1. Just the residues that are of a type in the set (D, E, K, R) and within 20 Å of the chain's Cα centre (by Cα), please, taken from the stretch 26-58.
2. Could you grab the pairs with beta carbons closer than 6 Å, sequence gap of 6+ or different chains, first residue in the stretch 45-74 and over 23 Å from residue 17 (Cα atoms), second one acidic (Asp, Glu)?
3. For residue 77, which of the numbered conditions (1) out of contact with any Gly (no Cβ under 9 Å at 6 or more places or on another chain); (2) within 15 Å of residue 21 (Cα to Cα); (3) not in a helix (DSSP H, G or I) fails to hold?
4. Exactly one of (1) surrounded by fewer than 23 Cβ atoms within 10 Å (Cβ to Cβ); (2) closer than 19 Å to residue 239 by Cα is unmet by residue 145. Its number?
5. Tell me yes or no: at least one residue of the stretch 118-131 is without any contact (Cβ under 8 Å) to a residue 60 or more places away in the chain and either under 22 Å from residue 186 (Cβ atoms) or not polar (S, T, N, Q) (or both).
6. Considering the stretch 75-92 alone, what residues qualify as being in contact (Cβ under 8 Å) with a residue 24 or more places away in the chain, closer than 16 Å to residue 27 by Cα and small (Gly, Ala, Ser)?
Amino acid sequence: MTAVLELIGPWVAFTLGAVTGSFANVCIYRIPRRESIIAPPSHCPHCASPVRWHDNIPVFSYILLRGRCRDCAGSISPRYLVVELLAASLFLGFWWLNGGAVLVFVLDVVFVTALLIGVAIDLEHRLLPDKITVPLLVFGLVASLLPGGLSPLESLIGAGAGGGVMYGIAVVGDAVYKRDTMGGGDIKLAAAVGAFVGWKILLVALFIAFVLGAVGGLIYLAMGGKDKTIPFGPFLAAGAVLALVFGQDLLSWYTGFLR
């Protein structure tokens with residue numbers, strides 16, 4: 001059984017990720033528009049024609065149709081393909097990372113899928129919806145009740161630390177710059193990350209997020225960007241994923257360096 005799982009596990013993980021990415025695209029499109037993610041079935045955003053089952057195969061259908069609707073030839077955003085490929089790659093990566101431990105794999109991919117949906121919405125709408133951040137926070141707290149991971153207390157401390165740090169930064173930033181510098185969605189997302197990874201890995205996630213944010217902001221300005229509000233959610237999500245993968249090793253290296 002173990003040998004079979006090792007053989008087919010990566011393929012199943014990649015395929016499941018692509019299918020999940022397809023569903024994530026539905027959420028990304030409909031949640032900001034306050035539409036149901038269940039009904040109606042998938043349809044073209046231009047002509048509203050229902051998507052045929054053979055045109056709804058993750059990754060392949062987009063490539064075969066060259067990113068266009070079969071009925072009206074309207075252009076379909078490359079975001080659909082990118083999200084499906086990214087979700088598939090993340091699922092495959094976390095399958096290998098967890099060595100086939102199914103429960104840990106499931107928890108990790110649910111977490112990163114929610115982050116992926118939140119990032120895509122934030123990039124397009126400058127919004128991190130409560131429908132993403134609040135359930136993700138609850139998910140992190142509930143996951144701590146399962147054996148082998150964080151304790152409920154560690155999860156609570158992580159949630160409080162994530163939300164508290166970001167709220168403190170928002171208060172100081174608002175006072176200094178006399179405008180909103182941190183959205184409520186970022187605060188809730190940080191709390192959700194802390195609930196899932198605990199306060200120690202959270203610190204690594206925040207450090208990575210702020211470094212990426214600073215670099216991204218400088219690149220944006222160097223390219224002539226003039227918008228004063230840059231969404232922080234993508235950097236926070238990237239920091240969370242990187243910390244989930246490398247956080248413990250980075251903490252071990254840092255504590256060893258201090259000795």
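What follows is calculated from the coordinates using simple rules that are stated; it is not laboratory data. Just so it is clear, the structure is predicted and the values come from calculations on it, not from any experiment. Neighbour counts are summed over all protein chains in view; Cβ atoms, including those assigned to glycine, are modelled from backbone coordinates with ideal geometry.
1. 30, 33, 34
2. Hits for this filter: 47/71; 49/71; 70/55.
3. Only one criterion is unmet by residue 77, namely (1).
4. Only one criterion in (1) surrounded by fewer than 23 Cβ atoms within 10 Å (Cβ to Cβ); (2) closer than 19 Å to residue 239 by Cα is unmet by residue 145, namely (2).
5. Yes, some residue in the stretch 118-131 is without any contact (Cβ under 8 Å) to a residue 60 or more places away in the chain and either under 22 Å from residue 186 (Cβ atoms) or not polar (S, T, N, Q) (or both).
6. 87
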